[in-house]
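The values are calculated or read from the model by the stated rules, or taken from the named source; none is laboratory data. Keep in mind that this is a model prediction, so the values were computed, not measured. Every residue, glycine as well, gets a Cβ built from its backbone with ideal geometry; the counts of neighbours run over all protein chains shown.
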Amino acid sequence: MNTAEEIRMLGHAVKVAGLEARELILPQSHHVIIGAMRFHYLDWGGNGHPVLFLHGGGLNAHTWDVVALMLHERFRCVALDQRGHGDSEWSPTRDYGVETQVGDIEGFVELLRLENPLLVGQSMGGLNAIAYAIRHSERIKGLVVVDVGPEVNPSGAERIREFSSTPELDSPEAFLERATKFNPLRDPEVLRRSLFYNLRQLPSGKWTLKHDQRRSLEDSARASARRELFGGQIEKISSPTLILRGARSDILSDEAAQKFARALPHGRWVRVEGAGHNVQGDNPRGLLEAIAPFLDQIGLT
């Protein structure tokens, strides 16, 4: 896919979302070394207040493209491919624990000199953002957690885990067919665009998802570590926090979102209609409308 086609497909995603962008542009793609690993990120440029986007498990930085495009004129939007995802390096030791990923975020924020950023994380990225905020609330302007929390629905998590562990398939079209069945909310052409950034071709000629699927072998251990990490520490998040729940999500319930928000000194939650677990992809307009009052609240207008 050439640049013109990438812009065309981004424009289609914006139109499907019911949004209008003043100008369709693509982010700059960069690589940095943090510790002993190489990380890829997307930078939309600008001199506004920094916003760091963290994607969910099995996804990549491009999941935030429509949201970042709509915000980049006011903010410096940066989206990180977390370890084992997108075009970032895989962990040679399969270390994808929360503490390790928080260390990655710490190094990334320091390296890019993102002063007092707004942190926006979905699913796995949301959990990493929560853990970062527990440790560094005083260093962030605010926190937006998308469709995840200390308590999630195990059956919904297993459904997503199964989809993210897709075996090798013969073509991108085969992946598109599977993705359309998995998420009928999404426009097929928008899904095709997402898959363009999330598939790689193997030497055999078959195709597979980019992320390190060995991560699933550690899911139980990570879940236990996460519960231990978050237990009794949520109240340490002193920064303003917005929790977004996709109305059709089978991961985070209204009750769990409300309980999470009440446990925070400065927390609130909002339900985004017309969206499942991947709110930023299913209804980016709804996400933007939900965070607008929060941005006003924390002085980022």
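Applying the selection to segment 98-124, what residues are of a type in the set (D, E, K, R) and part of a helix (DSSP H, G or I)?
Listed by number, the residues that qualify are E99, D104, E106, E110.
For segment 146-171, how many residues meet the condition of being touching a strand residue (DSSP E or B) at 6+ places or on another chain (Cβ under 9 Å) and either assigned to a strand (DSSP E or B) or not acidic (D, E) (or both)?
The number of residues fulfilling the criteria is 9.
For segment 107-123: of the residues being of a type in the set (A, V, I, L, M) and crowded, with 24+ Cβ neighbours inside 10 Å, which is nearest to I243 (Cα to Cα)?
V120
Looking only at segment 254-297, count every residue that is surrounded by fewer than 19 Cβ atoms within 10 Å (Cβ to Cβ), more than 20 Å from the chain's Cα centre (by Cα) and not in a helix (DSSP H, G or I) and tell me the total.
Residues in segment 254-297 being surrounded by fewer than 19 Cβ atoms within 10 Å (Cβ to Cβ), more than 20 Å from the chain's Cα centre (by Cα) and not in a helix (DSSP H, G or I): 3 in total.
So S164 passes all but one of these: (1) crowded, with 19+ Cβ neighbours inside 10 Å; (2) in contact with a Gly (Cβ under 9 Å, 6 or more places away or on another chain); (3) of a type in the set (S, T, Y). Which condition number does it fail?
(1)
Does L185 satisfy the criteria of being touching a residue at least 12 places away in the same chain (Cβ under 8 Å) and either of a type in the set (S, T, Y) or part of a loop (DSSP other than H, G, I, E, B) (or both)?
The answer is yes for L185.
Could you tell me how many of the residues in segment 79-108 are over 17 Å from the mean Cα position of the chain (by Cα) and among the aromatic types (F, W, Y)?
Adding up the residues that qualify gives 1.
Which members of segment 23-40 meet the condition of being in contact with a strand residue (DSSP E or B) (Cβ under 6 Å, 6 or more places away or on another chain) and surrounded by fewer than 12 Cβ atoms within 10 Å (Cβ to Cβ)?
Q28
Examine segment 172-182 for a residue that is under 30 Å from S204 (Cα atoms) and assigned to a loop (DSSP other than H, G, I, E, B), and state whether such a residue exists.
So far as segment 172-182 goes, no, none of its residues is under 30 Å from S204 (Cα atoms) and assigned to a loop (DSSP other than H, G, I, E, B).
Does I140 satisfy the condition of being aliphatic (A, V, I, L, M) and within 21 Å of S253 (Cβ to Cβ)? If you could, list the steps in order and put the result at the bottom.
Numbers: aliphatic (A, V, I, L, M): yes; within 21 Å of S253 (Cβ to Cβ): no.
Judged against the criteria, I140 is not a match.
Can you work out which of the residues in segment 124-161 that are polar (S, T, N, Q) and buried (at least 17 other Cβ atoms within 10 Å of the Cβ) is nearest to G281 (Cα to Cα)?
First, the residues of segment 124-161 that are polar (S, T, N, Q): 128, 137, 153, 155.
Among the residues that remain, those that are also buried (at least 17 other Cβ atoms within 10 Å of the Cβ) are: 128, 137.
Working: N128: 19, S137: 27 Å.
Only one residue tops the list, namely N128.
Being at pLDDT 95 or above and either surrounded by 14 or more Cβ atoms within 10 Å (Cβ to Cβ) or over 20 Å from G86 (Cβ atoms) (or both) narrows it down to one of L199, L169, so name that one.
Values: L169 fails: at pLDDT 95 or above.
It is L199.
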